[in-house]
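The values are calculated or read from the model by the stated rules, or taken from the named source; none is laboratory data. Because the structure is predicted, anything quoted here is derived from the model rather than measured. Counting neighbours? That spans all protein chains shown, and the Cβs are built from the backbone with ideal geometry, glycine included. Only protein heavy atoms, including side chains, enter the accessible area calculation; ligands, DNA and RNA are left aside. Shrake-Rupley method; radii C 1.70, N 1.55, O 1.52, S 1.80 Å.
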Amino acid sequence: MATTTPSLAPITERAAAPETLPAITAGGLTWRPATADDVPALLELRNTIAAADHEPYRESLEEITELFSAPWRRFDVDSIVGLDDDGRMLAYAMVESQPGDTRTVRAFLFGGVHPSVRWQGIGRELFAWQVARGRQVLAESGKDLPARLGVFVEDDGPAAKRRIIEAAGFAPRRYYTELRRDLRDLAAQPLPDVKPAGGLRVVPFSDELDEATRLAHNDAFRDHWGSEPRTPEQWRSARTAFMPQWSFVVVDDAPDVAALLADPDTDAETAAALQAGEPLVVAYEMASKFTEDFAVKGYTFGYTELLGTRRAYRGRRAGLAALAAGMRAFVNDEMEYAALDVDTANPSGAHGMYASLGYEVTTSSTMLSIEL
């Protein structure tokens, strides 16, 4: 049953979803949904767009293949690709909605146009299709929650793209920065030597602790704007670049189960795990290796993809200890930098912590949205 927010009109009203999607006529392309057979062409298109727009990343065949493996994605209705007369893919769009959304139901819009066919109106019509489909996805969710249509842009990306997005009613809502920390001269800038307080223990990530780490993540990020709980299938997806040997968790071997169960902030899944005697992960650092980005950035790096601490355990240096362990793993594998992304309004004060550890800003991006 969908959760209802009393002060809001039903999502079917707020989404204002059109009955039919707008046609895309600009550029004379042929349009159809994306399929798994499109993976090589989609990879080439996305990386061509990334290069033209000076985006600081590239994708791998495995990453694009993995997009099609998630059971909640419906490419038959939530994607579209544009082909020329020779069958070459020159544009694409996708609408992404996550099944775990319980506080705000969201639809994120992704897409792009090959640089060879820009300035023909394709991008504007393609984005109109995305917005319309995004509204349909929100209406179809059946979740009478606050709702969001969102799109991410690099701050130094094409101005024309941002104009199209803002002209459609999207406004800047959140700001993100990518940070890096030099690991090449540890004599001049030593790594932090951190041990968590209160008998907590840093251990390498393992499959046995994977579910406990998911529960820790959902707790750690429930007070972060824009974050939603991850279901088990969401948590285990998109791991092509995941490096378990660079990932660490902090465990409490003797948690005060009674106090945690009495705490109204303890979620139902964590409570069930505690009652079953499952291990309690209280902080974590999950890292990835994006090899395709090395040439683009001009250096090798380990990327901290997720870092968090359960709210009841903040102030005990648990997250910092996990991060330090990850940074040491990067050094052991001869990575030149440690990297991560951070929300500039992060409620845990993480941005200041990273700066104190020697992290510096490299690039920035913005999430624009329509709030419904």
Relative to the longest principal axis of the chain, what angle (0 to 90°, nearest 10) does the C-alpha long axis of helix 318-332 take?
80
Keeping all protein chains in position, work out how much accessible area residue 224 exposes to a 1.4 Å probe, and write it in Å² to the nearest 10.
30
Once Rh is set to the Kirkwood radius over Cα pairs, what Stokes-Einstein translational diffusion coefficient, in µm²/s, holds for the chain at a temperature of 25 °C and a viscosity of 0.890 mPa s?
110
Could you tell me the calculated FRET efficiency between residue 32 and residue 65, based on Cβ-Cβ distance and R0 = 22 angstrom, to the nearest 0.05?
0.70
Using the Kirkwood formula on alpha carbons, the hydrodynamic radius of segment 210-301 in angstrom works out to 15.0
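Would you work out if segment 130-205 is rounded, prolate or oblate? Take a ≥ b ≥ c from the square roots of the eigenvalues of the alpha-carbon gyration tensor; rounded if a/c is under 1.5, else prolate when a/b is larger than b/c, oblate otherwise. Mind showing how you got there, number by number?
Working: a/c = 4.33, a/b = 1.76, b/c = 2.47.
The shape class here is oblate.
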When the chain is fully extended, how far beyond the present Cα-Cα distance does residue 120 get from residue 51, taking 0.36 nm per residue of separation?
22.8 nm
Tilt relative to the chain, helix 39-52 - C-alpha long axis, 0 to 90 degrees, to 10
90
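In square angstrom, what is the accessible area per residue of segment 109-206 with a 1.4 angstrom probe? Spell out each step's value before the answer.
Working: 4610 Å² over 98 residues.
Accessible surface, normalised per residue, equals 47 Å².
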Relative contact order computed over segment 1-160 (Cα-Cα under 8 Å; 6+ residues apart), in percent:
35
Could you check the simple spin-label distance between residue 245 and residue 140, using points 7 Å along Cα→Cβ, in nm with one decimal?
4.2
Note the angle between two axes, namely the Cα long axis of helix 210-220 and the longest principal axis of the Cα atoms of the chain, as a number of degrees from 0 to 90, rounded to the nearest 10.
80
Straight-line reach from residue 289: which lysines have Cα under 17 Å away, leaving out those fewer than 8 places along the same chain?
297
Can you give the accessible area of residue 359, probe radius 1.4 Å, in Å² rounded to 10?
10
Using a Gaussian network model on the chain with a 10 Å cutoff between Cα atoms, which of 53, 333, 207 fluctuates the most?
207
Over the Cα atoms of segment 56-195, what radius of gyration and what Dmax do you get, in Å?
18.9, 61
Accessible carbon and sulfur surface of segment 185-300 relative to its total accessible area, %, 1.4 Å:
54
For the chain, what does the helix formula give at 222 nm: sum of -39500 (n - 2.57) over DSSP H segments with n ≥ 4, over the residue count, nearest 500 deg cm²/dmol?
-8500 deg cm²/dmol
Can you divide the C-alpha Rg of segment 235-352 by 2.2 N^0.38 Å and report the result to two decimal places?
1.21
Modelled label reach - residue 76, point 7 Å along Cα→Cβ, segment 118-138 residues with backbone N closer than 18 Å:
137
Pop out the Kirkwood hydrodynamic radius of segment 286-372 from its pairwise C-alpha distances, inverse of mean 1/r, in Å to one decimal.
14.5
